[in-house]
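The values are calculated or read from the model by the stated rules, or taken from the named source; none is laboratory data. In this text the structure is predicted, and so the values were computed from the model without any measurement. Using ideal geometry, Cβ is built from the backbone for each residue, glycine included, and neighbour counts are taken over all protein chains shown. All accessible areas refer to the heavy atoms of the entire protein, side chains included, with ligands and DNA or RNA removed. Shrake-Rupley method; radii C 1.70, N 1.55, O 1.52, S 1.80 Å.
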Amino acid sequence: MTQNADDAALPGRKPASELRQTGQPVEYGPGQDPHTEGLPPDRSRAILQAAKHVASVLKKGGHDFALAGSVAVYAHGGAADFQHDADFCIRPEDAGAVAATLEEAGLNVYAPSEDWLLKAKCLDQDIDLIFELALQPVTTELLSRATELSVDSVQMPVLSPTDLLRSLLAAFSEHHCDFGAVLPIARQLRERVDWDQVRREFGDAPMPGAFLYLLERLEVIAPQGGHR
């Protein structure tokens, strides 16, 4: 997706010049060395452990946030099919304070070339701190719709299923349109998603509209105005 956020337009965000840039060596804090004993034995478990740790740090710091991405799908009852990282939504104005809290906890936070998120490293796993979702800034309203769930015994706010699907469909474009990755998620969450809202927002866009049509043909969702 195309993002056009400008650093100067994000109050409270730590300037990118103060954060380590992508490609520079990562220095691990205490307990963060991926070669230390106790690292979870597989990638999915490592991502889950990293998500739990970051959520705990953000909760202790008093920050508003919501778990997103594949770990959020898992929290809502989906498969533990974690892709590349753990995702968290934060408000743009909180980005600087969130980065400072994570750095104080020994995590490495850095600014990638994209201007709609920050990245961090935890247990050698990538953490995305997203402040622009579905082509819109993360807002208090979005975070207020999150559901408090137990994620592998750690309570944390998790994006609603409808907002999760919205974020995935908003990323569809002529250059990025992986229906195969999103289809299993739509199947797993179909009973919890407000499909009427999703249709109203994305049904007229070519790629999301095509995906919604595919879901209808596969009988994952009911045809518009009908019943499955």
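Based on Cα atoms of the stretch 160-227, Rg over Rh with Rh as the Kirkwood radius reads 0.91. Seen from residue 145, the other residues with C-beta closer than 13 Å to its C-beta sum to a net charge of -3, counting Lys and Arg as +1 and Asp and Glu as -1. Ligands, DNA and RNA excluded, the heavy atoms of residue 130 present near 10 Å² of accessible surface to a 1.4 Å solvent probe. Report, as a whole number in µm² per second, the diffusion coefficient that Stokes-Einstein gives for the stretch 42-159 at 37 °C and 0.692 mPa s using the Kirkwood radius over alpha carbon pairs. Translational diffusion coefficient: 235 µm²/s.
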